[in-house]
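The values are calculated or read from the model by the stated rules, or taken from the named source; none is laboratory data. Computed from a predicted structure; not experimentally measured. Quick reminder, even Gly has a Cβ in these numbers, built from the backbone with ideal geometry, and neighbours come from all protein chains shown. Note: accessible area is taken over every heavy atom of the protein model, side chains too, but ligands, DNA and RNA are not part of it. Shrake-Rupley method; radii C 1.70, N 1.55, O 1.52, S 1.80 Å.
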Amino acid sequence: QISDIWSMIRRMGEQSVCDYCRFGIAVCRQYSSGSAYPCVSLSTPLPGIPKPVFASVDGHEKYETKITTLENGLKVASQNKFGQFCTVGILVNSGSRHEAKYPSGIAHFLEKLSFSSTAQFESKDEILLTLEKHGGICDCQTSRDTTMYAVSAEVKGLDTVVNLLSDAVLQPRLLDEEIEMTRMAVRFELEDLNMRPDPEPLLTEMIHAAAYRGNTVGLPRFCPPENVEKIDRKLLHKYLQSYYCPQRMVLAGVGIEHEQLVQCARKYLLNVKPVWGVSTPANVDKSVAQYTGGIVKMVKDMSDVSLGPTPIPELTHIMIGLESCSFLVDDFIPFAVLNMMMGGGGSFSAGGPGKGMFTRLYLNVLNRHHWMYNATSYHHSYEDSGLLCIHASADPRQVREMVEIITREFIQMTGTAGEMELERAKTQLKSMLMMNLESRPVIFEDVGRQVLATGKRKLPHELCELISNVTASDVKRVTMKMLRSKPAVAALGDLSELPSYEDIQAALSSKDGRLPRIYRLFR
């Protein structure tokens, strides 16, 4: 045994001499064990290792999102992404904008009732236990124009997942006790919406109501309190009969083979009769969004919103918006760049250039006016319209000055953007797009929404190319077009110093964005 050890040490010594001869003294460093460890530079190939062969992108990259339409009109879309887990779901062209002929709140109820008892599963617990066997989780989200049922689970459980999704979407029992529990959940959410320190969801609801008064995307996303008792199984079935038909659905999957997903779709979604009977898509509301502009005000005591050792001071929140465009038109990309250029955030945000500290709402607003707590730009876009808005918050006594600062920023958007500023905004938009699309659930949502809206999918590199092609004149052109629309205004809090809607409209029509002067005899 001792002789074997000596022969092994001798061989290691010979290897060290070989390494020394081939790579020089820096390669071989003697350690206390007596062995030599090759210290090769990261830019130098490792000795004795075969030359690597890297995968190359073939000509089929542009076809990586595969789409198949079944005989009943259901679209199946998939994108392969290597890994043990997949995300699969059904997206339905149904949301709060489609409730014109119904009491508002049906989409909100369906979101809360999702993945409850079905024809095959006795309860929500049974659904969750079935998914747990495949390491899965489920979720349902509704927006103004889309309802999305999604499951993330092991690839091996795909058959079970599609079967479960089909049952949850087309065969829900909608029991009386489940509907009653949903009523309680909806009431709690409405109460929470009015009490939470973050006013963003409430302001977004208000700005849509102001911009599209009484139509399509301006209809309430959350169920109004007076409609909670009106919604029952009969009304839900009537709605589902019109909107939950195969032609208005997409089965999307990420992380699975396309043929496998199509096979499961044929098995569980092709000849299935829904619990509400034959679909009647002829009753679908096809209203086009009508931008109206206007103001929605909510006077509210915000002094006790966030108490505790470090309470948030009383603030008044204002959101001003103008009509942008649909996500289906070419101008959508310049609007997205403009939104990124405006940027903004809270006055206590920390971070460097990547956090948006060089955006206009930081440089021109938050850095110059220390008393403003927030200035953020948002862009909401739909298949027939869009809304670009700025949310700002400050002490109630400084509301008039705050509104003028925001109207001036809107007017200054018409100026020609600097080359560095534009390139920074475009780079930030591209990096945000690419980083978000590293997440499997985000890819799933992107695939599903694009195929549902357009029947195809623009790939990330195509979108990046469109972003790169945006010029300063494009941004100026879409801004000029936007400023021709009437403003939409949402105001929340103490509104004693809020300028009139006519004054805000006059400021956005002026050359410098200033509000009309008011002269008071007594201050």
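Here are some notes:
- Filtered residue count, segment 439-459, keeping only those that are within 18 Å of L328 (Cβ to Cβ) and assigned to a helix (DSSP H, G or I): 10
- Residue match in segment 484-501 (condition: over 29 Å from N194 (Cβ atoms), in the same structural domain as M342 (by the TED database) and not in a loop (DSSP other than H, G, I, E, B)): no
- In segment 444-465 there is at least one residue matching the filter, namely being hydrophobic (A, V, I, L, M, F, W, C), open to solvent by less than 10 Å² (accessible area, probe 1.4 Å) and at pLDDT below 95.
- Single residue of segment 387-412 satisfying the filter (β-branched (V, I, T) and within 20 Å of G343 (Cβ to Cβ)) that is surrounded by the most Cβ atoms within 10 Å (Cβ to Cβ): T407
- Residue within segment 313-323 that is open to solvent by less than 10 Å² (accessible area, probe 1.4 Å) and of a type outside the set (A, V, I, L, M) present: yes
- Residue pairs meeting the criteria (Cβ under 9 Å; at least 6 apart or on separate chains; first part of a loop (DSSP other than H, G, I, E, B), in segment 284-297; second loosely packed, with under 15 Cβ neighbours inside 10 Å and not small (G, A, S)): D285/K101
- Filter result for G277 (modelled with pLDDT under 95, farther than 20 Å from G493 by Cα, open to solvent by less than 50 Å² (accessible area, probe 1.4 Å) and in the same structural domain as G157 (by the TED database)): no
- Applying the condition of being farther than 15 Å from F444 by Cα and open to solvent by 30 Å² or more (accessible area, probe 1.4 Å) to segment 131-142 and asking which residue is nearest to the chain's Cα centre (by Cα) yields G135.
- Close pairs from segment 464-476: first under 13 Å from D330 (Cα atoms), partner among the charged types (D, E, K, R), Cβ under 6 Å, at least 6 apart: I467/K426; I467/K430
- Yes/no for I295 being among the aliphatic types (A, V, I, L, M), modelled with pLDDT of 95 or more, touching a strand residue (DSSP E or B) at 6+ places or on another chain (Cβ under 9 Å) and open to solvent by 20 Å² or more (accessible area, probe 1.4 Å): yes
- Filtered residues of segment 279-319 (kept if closer than 30 Å to R248 by Cα, touching a Cys at 6+ places or on another chain (Cβ under 9 Å) and not small (G, A, S)): T280, P281, V284
- The criterion of at least 1 residues that are more than 26 Å from the chain's Cα centre (by Cα) is met, among strands (runs of 3 or more DSSP E) falling completely within segment 334-433, by 372-381, 386-394.
- Considering segment 298-312, and only residues there that are in contact (Cβ under 8 Å) with a residue 60 or more places away in the chain and not β-branched (V, I, T), the residue that is most open to solvent (accessible area, probe 1.4 Å) turns out to be D301.
- Any hit, segment 168-181, residues being within 25 Å of N93 (Cβ to Cβ) and in contact with a Cys (Cβ under 6 Å, 6 or more places away or on another chain): no
- Segment 108-129, subset in contact with an Asp or Glu (Cβ under 7 Å, 6 or more places away or on another chain) and within 13 Å of C140 (Cα to Cα), residue surrounded by the most Cβ atoms within 10 Å (Cβ to Cβ): L113
- For K112: the one exception among (1) within 30 Å of V288 (Cα to Cα); (2) over 26 Å from the mean Cα position of the chain (by Cα): (2)
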